[in-house]
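Inspection log for the structure reproduced underneath, given as structure tokens.
Throughout, read-outs are computed from the coordinates displayed, never taken from laboratory work. Just so you know, these numbers come straight off a predicted model, no measurement behind them. So basically every Cβ, Gly included, is an ideal-geometry build from the backbone, and we count neighbours across all protein chains shown.
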Amino acid sequence: MNKKRVLRVRADDTAMKRMYTRFSKIMGLIEKSEKSLRKRSLELLKLQMGEKVLEIGFGRGTALIEISKAVGESGEVYGIDLTPEMLRIAKKNLARNHVFNVKLKEGDARNLPYKENYFDVVYMASTLELFDIPDIPTVLNEIKRVLKPTGRVCIVSIPREGREDSLGVRIYEWSHRTFQSFASCRPIYVENSIRKAGYHIIKIDVIGVYFPMKIVIAEL
């Protein structure tokens, strides 16, 4: 068996939407458990007042609230997610927290509905590993297209680098094979994918031991 092999994603967009509509009921608990990961990734990103920021795969909108505070009223915050139910929940969550400078869209990261060279920052957490192997470079190239030449990106993902035989990777991949309609995420070669797409990596951090998440900050 090829230890470098990344599993394919068999679920199509319809299955993904159905799965995350179901998951939306427990996503609040998941986001609470990821509080330290979210805090660290946004800390490394060093958002500035007035920046234009896009989050891909915003879920319930928890990170968008923190991003909005960081860029202030002079900043612009956008979010895109594939699942209509997440869009509905995020809108309610933002309104409940009195956040009104965020523009949300239902859409696909493989074809971002934004113009070129627009964003200072793109943030993407626990989302890149949901895409099939051929789609990962497409997503990263779309991010490059909408980023300014001086822009930066933060990708938070489940790493496979150097952990091919770890218990965490084996559990993730067993779940992915066994419950493809429910467990579409699986470990990927995060750094390698980002470098191959033409980014320059400026910072890497890892949080967690058995189920680590890798934070990669990169620029064009």
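Miscellaneous remarks
- Taken as Cα centroids, the stretch 30-81 and the stretch 151-178 sit 23 Å apart, rounded to the nearest whole angstrom.
- Counted over the chain, the DSSP beta bridges are approximately 40% antiparallel.
- Principal-axis tilt of helix 35-45 within the chain, Cα atoms, nearest 10 degrees: 70
- Computed on the Cα trace of the stretch 13-219, the radius of gyration divided by the Kirkwood hydrodynamic radius gives Rg/Rh = 0.93.
- Peptide packing: for 201-208, 80-87, the average count of neighbouring Cβ atoms within 10 Å per residue gives the ranking 80-87, 201-208, highest mean first.
- Degrees separating the helix 62-71 axis from the principal Cα axis of the chain, which is the longest one: 40
- Residues His176, His98, sorted so that the one with the fewest Cβ neighbours within 10 Å comes first: His98, His176
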